[in-house]
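Engineer: One structure is given below, represented as structure tokens, and several questions about it will come after.
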Protein chains: 2
Amino acid sequence: MRSINISEKLALFSSHWDPHVVSDYNDNDVMVVKFKGEYPFHKHETTDDFFYVLEGEMIMDIEGKPSQVVKAGELFVVPKGVVHRPRAETEVKVLLIEPKGEPNSGDSDREPAPKPRI
Amino acid sequence: MRSINISEKLALFSSHWDPHVVSDYNDNDVMVVKFKGEYPFHKHETTDDFFYVLEGEMIMDIEGKPSQVVKAGELFVVPKGVVHRPRAETEVKVLLIEPKGEPNSGDSDREPAPKPRI
């Protein structure tokens, strides 16, 4: 039981769309991830999706709505069942929380990321 | 459904040990709080306690262990059932996550905070 330095964890990998587990909160994985480019639209039927932008700028597209910019120091929670697509023009670093076992790709055709622990 | 600027929310209050709800994640309150001084030792029997330090420095005392400093950009999750005490020599700003309805004071004699939404 100790403090987890998020920047140190982010320095351990350089891949995009590849969340790494850094801690646990009840039955959730607490993860760090780097995004660049565009993820497929998807939804999570049974869980909200928690994004906190640590560095850079994420764009969140919600189906049928205008794109929203989410900047460093901003939080965006996508409610369960809502079709969304995170993207980023330049690399963004994000703290993610999702229930354990939840595929990060939701209902899309994209292969879910393995979520290794670092 | 929109991005939540954490600094803007923190600017809305100045009290200490007084978490304010800024968002929801499944059945949890996502909160911001300012700490200064010392909270009573307590535990949460049925939930982990999530702390992410946004600004300043928190000290986390775990019963029977050496105090740990948790700096800005660091995460500390106290597992359920573990007796702990957050404190801060100078004001620290923290992102907190706790299940809805959970008293922030756990099993201590302290009056639980009301957790208003901002």
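Engineer: Show me the strands (runs of 3 or more DSSP E) entirely contained within the range A:1-75 in which 3 or more residues are closer than 22 Å to B:Asn5 by Cβ.
Structural biologist: In the range A:1-75, the matching strands (runs of 3 or more DSSP E) lie at A:28-38, A:49-55, A:57-62, A:68-71.
Engineer: Determine the pairs where a residue that is closer than 14 Å to B:Thr47 by Cβ and free of Cβ contacts under 8 Å to residues at least 24 places away in the same chain, located within the range A:20-32, has a partner that is surrounded by fewer than 21 Cβ atoms within 10 Å (Cβ to Cβ) and among the polar types (S, T, N, Q) with Cβ atoms under 8 Å apart, the partner being 6 or more residues away or on another chain.
Structural biologist: A:Asn26/B:Thr47
Engineer: Moving to a separate point now. Do you know which residues across the range B:36-48 are under 12 Å from the mean Cα position of the chain (by Cα) and within 9 Å of chain A (Cβ to nearest Cβ)? Spell out the reasoning first.
Structural biologist: To start, the set of residues in the range B:36-48 that are under 12 Å from the mean Cα position of the chain (by Cα) comprises B:36, B:39, B:48.
Listed by number, the list holds a single entry, B:Asp48.
Engineer: Search the range B:27-41 for residues being surrounded by fewer than 21 Cβ atoms within 10 Å (Cβ to Cβ) and not hydrophobic (A, V, I, L, M, F, W, C), and hand back the single one that is nearest to A:Val77 (Cα to Cα).
Structural biologist: Once the filter is applied, the top-ranked residue is B:Asp27.
Engineer: Is there a residue being among the basic types (Lys, Arg) and touching a helix residue (DSSP H, G or I) at 6+ places or on another chain (Cβ under 9 Å) anywhere in the range B:83-96?
Structural biologist: Taking every residue of the range B:83-96 in turn, at least one turns out to be among the basic types (Lys, Arg) and touching a helix residue (DSSP H, G or I) at 6+ places or on another chain (Cβ under 9 Å).
Engineer: Residue under question is B:Lys71, and the condition is that it be within 8 Å of chain A (Cβ to nearest Cβ), surrounded by fewer than 16 Cβ atoms within 10 Å (Cβ to Cβ) and modelled with pLDDT of 95 or more; does it hold?
Structural biologist: yes
Engineer: Now for a different question. What's the total number of residues in the range B:100-114 that are within 21 Å of A:Tyr25 (Cα to Cα) and crowded, with 16+ Cβ neighbours inside 10 Å?
Structural biologist: 4
Engineer: Do we find that A:Phe51 is within 8 Å of chain B (Cβ to nearest Cβ) and buried (at least 21 other Cβ atoms within 10 Å of the Cβ) in this structure?
Structural biologist: No, not satisfied.
The values are calculated or read from the model by the stated rules, or taken from the named source; none is laboratory data. Computed from a predicted model, the values in this text were never measured in an experiment. We place every Cβ from the backbone using ideal geometry, glycine too, and count neighbours over all the protein chains shown.
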